[in-house]
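As structure tokens, the structure follows; a few thoughts come after it.
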Amino acid sequence: MQWLESLLIIGGVSLDIFATMECQGSVVAKIEKKGLAFISCLVCIWQLTAFSAGSFLASFFLQSEEIAEKEQSIGNGIAVIIYVGLGIHLIMKAVRNEKINEHREESFNRKSIWNGMVGVGGYTLLAGIAFGFAESGRLFCMTAIVILSVLAVIAGTYTGYHYGFAPRRKAYGIGGVLLWIAGIESLTAVLRQIF
């Protein structure tokens, strides 16, 4: 897996973090810098844990079954299905346009943020499984996860604070498209292996 494809996938998942934090930013009276730093750290740890768990599961499966090169193509095919499926889910979230009960809060609603991050962690777990099957560079991916997660938390919060939560649909849509592009790129790599 190439670095650009890895960035597309991690960027697509990070846009879901962006949308979650955008909703939080739209309701806070004032953005607390310490609270935002704390949330950024928690999101990074959560994302790294979910990615590592997914990558470990895929690596464990590949090693325990002594998968041959032909079966490695099957693993890459599973990765493609995961990327396309995650892209479809984000596009559905963009189209669904869930209503948000917008009311002013004094500080971040950590329970609401945590609920959103649990869902994003599921996507990251699946992405980690896909990365594990594709046997991509973990160090590069983990570095990208840290950087893009922090950027998504901060940018999402300030975007929501200044523009409300309406732009989140665009974030979901763009994230879905990024995952589809990565899925198509992975599919062409699988087809090259087969033929």
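The values are calculated or read from the model by the stated rules, or taken from the named source; none is laboratory data. All figures in this text were calculated on a predicted structure; none of them were measured in a lab. Cβ sites come from the backbone with ideal geometry, for glycine too, and all protein chains shown count toward neighbours.
What to note about this one:
- Residue in region 94-111 that is assigned to a helix (DSSP H, G or I), modelled with pLDDT under 80, of a type in the set (D, E, K, R) and farther than 23 Å from Ala144 by Cβ present: yes
- Residues that are crowded, with 16+ Cβ neighbours inside 10 Å and in a helix (DSSP H, G or I), drawn from region 21-34: Met21, Glu22, Cys23, Gln24, Gly25
- Leu125 hydrophobic (A, V, I, L, M, F, W, C) and under 24 Å from Val80 (Cβ atoms): yes
- Residue that is modelled with the lowest pLDDT [pool: residues in region 114-133 that are buried (at least 23 other Cβ atoms within 10 Å of the Cβ) and over 13 Å from Asp16 (Cβ atoms)]: Phe133
- Residue in region 27-44 that is touching a helix residue (DSSP H, G or I) at 6+ places or on another chain (Cβ under 8 Å) and within 17 Å of His89 (Cβ to Cβ) present: no
- Candidate set: region 145-173, residues that are in contact with a Gly (Cβ under 8 Å, 6 or more places away or on another chain) and under 11 Å from Ser14 (Cβ atoms); chosen: the one surrounded by the fewest Cβ atoms within 10 Å (Cβ to Cβ): Leu148
- Condition met for Val43 (within 22 Å of Thr143 (Cα to Cα), at pLDDT 75 or above, of a type in the set (Val, Ile, Thr) and surrounded by 15 or more Cβ atoms within 10 Å (Cβ to Cβ)): yes
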